[in-house]
Amino acid sequence: METALNPPEMPQAAEKQAAEKTGFRVLGAISFSHFLNDMIQSLLLAIYPLLKGNFHLSFAQIGLITLTFQVTASLLQPLVGLYTDKHPKPYSLAIGMGSTLCGLLLLSVAPNFGVLLVAAALVGTGSSVFHPEASRVARMASGGRHGLAQSLFQVGGNAGSAMGPLLAAWIIIPGGQRSIAWFTIAALIAIVVLRQIGHWYQRQQLAGKTKAKKKSHGFVELPRNKVIMAVSILLLLIFSKYFYMASLSSYFTFYLISKFQLSVQDAQIHLFVFLFAVAIGTVVGGPIGDRVGRKLVIWVSILGVAPFTLMLPHANLFWTGVLTVIIGMILASAFSAILVFAQELMPGKVGTVSGLFFGFAFGMGGIGAALLGKLADMTDIFFVYQVCAFLPLIGLLAAFLPKLEKAPAAA
C-alpha cells in the first residue's frame, strides 16, 4: 500500500517545491528592481551640488526640485494603487521604469531649470508607478509569508538608496552632468527584468490569482470606523519612524563632526554602518512578524527603540556607534510589519494600501529632513537629536491597534 501511495505524492512534492522556487525567483527579481529604482531616485538628491553649481541655483530652487520630485513620487502613489486594484496592469512596472529612464536622459542634457523640473517629475512618476505594483507582486509571490516577502522587497530599496550617493560621488561628480546618462543602463536592465515579471503577473491574472479577495481567511473583519482608526494609528507610527530616520540619514554626519570632531570620511563610515544596520533590520522584521504576530513587532520596533534614542544625545563616540546600530535595526523592522498589517486590515486593496503607505513614508522623510534642517538652523544640531529622541514614544499608540488574528476554534 505504501508503494502504491508514493508515486502520487512525489509529483505533488515536486510541484510544491517548484512553486516555492518560482516564488523566491520572482521575489529576488522584484527586490533587484527595487534596488535599481531606489538607486536612481537617490542619484537625484546626491547630485544637487553639481546642479547648483552648473545652473547657479538658489536653495529655494533646489527645494522646488525636491518638491516636484516628492509630489510626483509620493502623492501619485495612492492614486496609482487605487486604479490598479480595480484594473490590474501587469506591464505597468516596465512602463513606469520607462518614465524614469526618460527622466534620467532629460536630466543629463537639461539646458535650464525648467527642464530639470520636468526631469525630476518623470523620475518621481516612475517611482509612484513602481512601488504600489511591485508591492502587489511581492505579496502575490509570497506563498502566504507576507512579512518575509515585504522584507525581501524592502531590503532591495534600502540597498539602492545607500548605493546611489556612492555611485554619484564616483561617476557623476567627476564626469559632470552628461555622465548621468550612464545610469540609463540601470533603467534598461530594470525594464527587461520588470517585463519578465509582467509576463509572470499576466499568467497569474489569466489564472484568476490576482483577483482581489474581499475576505482574508484567518483574520477578523472590522467595522469601517475601526479600520479608519487603525490606519490612522499606523500612519502616525510611520510619521514617528520616518521623522527620526530623517534625522539620522540627513544630519548624522554633521552631528558626529560637530560633537566628536570626526573627519568627513570617518563620519561617512558611521553613516554607512547605520544604513547597513537598517538593511539587516528590514530583512529580519518581516519573518518575525509572520511568526509572532505583526502587532507585537510594530509595538517593539517603534516604542522599543525609545530607550536607545533617549540615550543617544548623551553617549560618547563608542556608545553612539553602538546605539545607532541598535536603533537602525529595530526601527527598520517596523515598515514591513506595518504595511502587511494595513493590507490585512483592508483585504482586496493591496495597491491602495501600498501606495498610501509608501507615499506617506516618502513624504514624511522629505518633510522631516526640511523641518529638522530648519530647526537646526534656528538652534543647533544637538537640540535636533534631543527633540527627536522622544518621537518613538508615539509607539504607545500601538496598544490601540486591533487584534486581527481569529482565535482558534474549540476542538
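The values are calculated or read from the model by the stated rules, or taken from the named source; none is laboratory data. Computed from a prediction, not measured in an experiment: that's the story for all the values here. With ideal geometry, Cβ positions are generated from the backbone for all residues, glycine too; neighbour counts draw on all protein chains shown. We work out accessible area using only protein heavy atoms, side chains counted, and drop any ligands, DNA or RNA first. Shrake-Rupley method; radii C 1.70, N 1.55, O 1.52, S 1.80 Å.
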Handout entry: Against the rule of thumb 2.2 N^0.38 Å, how large the Cα Rg of the stretch 258-411 comes out
Key = 1.19
Exercise for the section: Using packing as a proxy for protection, rank 183-193, 109-119 so that the peptide with the highest average count of other Cβ atoms within 10 Å comes first. Expected result: 183-193, 109-119
Exercise for the section: Pop out the carbon and sulfur fraction of the accessible area of the stretch 272-354 as a percent, whole number, probe 1.4 Å. Expected result: 78 percent
Fill in the blank from the handout: Descending packing, highest mean Cβ count within 10 Å first, for 97-104, 350-357 is 350-357, 97-104
Completion exercise
Mean Cβ-within-10 Å packing, highest first, puts peptides 334-341, 231-238, 359-366, 371-378 in the order 334-341, 359-366, 231-238, 371-378
Handout entry: Order of exposure, largest accessible area first, which applies to 170, 299, 319, 200 with probe 1.4 Å
Key = 170, 319, 299, 200
Practice task
Considering only 133, 221, 344, give the residue with the highest GNM mean-square fluctuation for the chain, with springs between Cα atoms whenever their separation is below 10 Å.
Solution key: 221
Handout entry: Unsatisfied cross-links (Cα-Cα over 32 Å) in the set 52/89; 86/403; 89/374; 86/374
Key = 52/89; 89/374; 86/374
Practice task
Distance between Cα centroids, the stretch 268-284 to the stretch 305-365: provide it in whole Å.
Solution key: 13 Å
Practice task
Heavy atoms only, probe 1.4 angstrom, no DNA, RNA or ligands counted: give me 131, 199 ranked by accessible area, highest first.
Solution key: 199, 131
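Using DSSP H assignments, which helices in the chain have an axial alpha-carbon span of 27 Å or above and a mean Kyte-Doolittle hydropathy of -1.0 or higher?
Numbers: long enough: 2-46 (64 Å, 0.02); 113-140 (41 Å, 0.97); 146-167 (32 Å, 0.48); 184-206 (32 Å, 0.60); 224-260 (51 Å, 1.09); 264-292 (41 Å, 1.19); 350-378 (41 Å, 1.32).
Passing helices, by number: 2-46, 113-140, 146-167, 184-206, 224-260, 264-292, 350-378.
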Exercise for the section: Along each of the three principal axes of the Cα atoms of the stretch 256-329, give the extent in whole Å, ordering the values from largest to smallest. Expected result: 43, 22, 13
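Give the accessible surface of the stretch 215-275 per residue, rounded to a whole number of Å², with probe radius 1.4 Å and ligands, DNA and RNA excluded.
Details: 3230 Å² over 61 residues.
Here the per-residue accessible area is 53 Å².
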Problem - Relative contact order %, the stretch 142-290, counting alpha carbon pairs below 8 Å whose residues are six or more apart - result: 58 percent
Fill in the blank from the handout: For the stretch 94-150, dividing by residue count, accessible area per residue (probe 1.4 Å) in Å² works out to 27 Å²
Problem - Test item: Cα-centred dipole of the chain, Lys/Arg +1 and Asp/Glu -1 on Cβ, debye - result: 1000 debye
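Take the Cα radius of gyration of the stretch 19-74 and divide it by 2.2 N^0.38 Å, with N its residue count; two decimals is plenty. Provide the component values of the computation, followed by the final result.
On the way: Rg = 16.9 Å, N = 56, 2.2 N^0.38 = 10.2 Å.
Normalised Cα radius of gyration, the stretch 19-74: 1.67.
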Exercise for the section: With an 8 Å cut-off on Cα pairs and a minimum separation of 6 or more residues, tell me the relative contact order of the chain in percent. Expected result: 25 percent
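State the dimensionless ratio Rg/Rh of the chain (Rg: radius of gyration of Cα atoms; Rh: Kirkwood radius).
0.99
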Problem - Protein accessible area in the stretch 105-239, 1.4 Å probe - carbon and sulfur % - result: 65 percent
Exercise for the section: Provide Rg over Rh for the stretch 329-411; use the alpha carbon set for both Rg and the Kirkwood Rh (inverse mean inverse pair distance). Expected result: 1.11
